[in-house]
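The values are calculated or read from the model by the stated rules, or taken from the named source; none is laboratory data. Small disclaimer: the values here were computed from a predicted structure and weren't measured. Backbone-built Cβ (ideal geometry, glycine too); neighbour counts: all protein chains shown.
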Amino acid sequence: MIRKAPISTGAVRTAAICTAASAVLLLPPLLSPALAAADDDSPSAKELSEQAKDNLLKTDSVHLKLTDRGADAKGSRTQPTSMDLSLDRDGNCVGTMRMGSGGGTLELVKRGKEVWMKPDTAFWKAQVPGSQGDAVAELFKNRYIHGSTKDTMLKGLSDTCDLTAFQKEVDTGSSTDAPLTKGAETKIDGTKVIPLKGTRDGKQAVLYVTSAAPHRLVEATEKGGGTDMTLTFTDYGKPVPSATPAPDETVDIGKLQQELRNV
């Protein structure tokens with residue numbers, strides 16, 4: 001039977017994203033009074049980071065991308081090393097995950113309590129051992145597995161779509177290191193941003209916040225000690241695409257479970 005780790009790992013890796021975001025977003029409380037005060041009319045590092053955090057907590061939807069090069073370097077074929085997801089507070093989402101070391105990719109769609117996942121051939125072969133992986137890959141080739149949040153195999157995966165949980169992690173996280181300092185204005189994908197630099201547990205963290213109001217987090221990075229992670233945020237407040245896979249592109253999860261018992 002297929003190992004459940006790859007599916008439940010989606011929730012685990014979501015927690016990792018939340019932890020990373022919390023780490024870099026919650027540096028502002030550590031600013032000293034001297035650093036908190038701006039020497040001109042522009043917002044201080046503290047003001048920028050607090051406004052970026054507030055806008056992230058208030059948004060109803062967002063498009064986020066995670067690239068975890070540190071996890072990729074460890075060579076796991078069963079843990080995501082990148083995610084590209086549009087998600088909202090209602091638990092709707094659409095996007096992809098890529099596993100490390102050639103472990104394949106997984107497309108994900110969730111609307112309400114319905115969940116669709118479409119693994120590629122490499123994913124099936126990485127998760128189901130030997131010739132069984134080949135058989136399952138061929139059987140479900142280019143088709144979505146369709147079920148609900150009540151299905152054990154899909155629950156952990158669908159938890160990845162929970163923006164509210166992400167925002168809660170951001171809001172309640174903590175940090176214990178040095179204050180943030182402002183860098184010189186730069187651009188990310190054509191958007192003017194101010195880098196805010198700090199450290200956490202010996203790791204270098206940088207927040208890139210839009211220069212213009214409303215000040216929003218565009219990118220967050222964390223490096224050091226085996227960590228090399230980048231998070232990007234776009235499309236604040238933009239609705240998650242509502243299209244779902246057509247019936248002729250899907251297979252009920254019950255069919256998957258039956259086939260897995262037979263291989």
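If the condition is being in a loop (DSSP other than H, G, I, E, B) and either surrounded by 12 or more Cβ atoms within 10 Å (Cβ to Cβ) or not hydroxyl-bearing (S, T, Y) (or both), then the range 242-263 contributes A243, T244, P245, A246, V263.
Within the range 141-169, the set of residues being surrounded by fewer than 19 Cβ atoms within 10 Å (Cβ to Cβ) and hydrophobic (A, V, I, L, M, F, W, C) comprises just one member, A165.
Taking the criterion of being at pLDDT 95 or above and exposed (fewer than 13 other Cβ atoms within 10 Å of the Cβ), the residues of the range 215-241 that qualify are G237, P239. Taking the conditions (1) among the β-branched types (V, I, T); (2) under 26 Å from K53 (Cα atoms); (3) surrounded by 14 or more Cβ atoms within 10 Å (Cβ to Cβ); (4) touching a Lys or Arg at 6+ places or on another chain (Cβ under 7 Å) in turn, T181 satisfies each one other than (3).
Taking every residue in the range 45-56 that is on the phi > 0 side of the Ramachandran plot and pairing it with any residue that is surrounded by 19 or more Cβ atoms within 10 Å (Cβ to Cβ) and at pLDDT 90 or above, at least 6 positions away or on another chain, yields no pair with a Cβ-Cβ distance below 8 Å. Scanning the range 215-235 for residues that are assigned to a strand (DSSP E or B) and of a type in the set (G, A, S) yields A220, G224. Looking only at residues that are more than 13 Å from the chain's Cα centre (by Cα) and more than 21 Å from G224 (Cβ to Cβ) in the range 67-86, which one is modelled with the lowest pLDDT? Among them, the one singled out is T78. Applying the criterion of being within 23 Å of the chain's Cα centre (by Cα) and aliphatic (A, V, I, L, M) to the residues of the range 117-140, the residue that is modelled with the lowest pLDDT is A126. Among residues that are part of a helix (DSSP H, G or I), at pLDDT 80 or above and of a type outside the set (A, V, I, L, M), D171 is not included.
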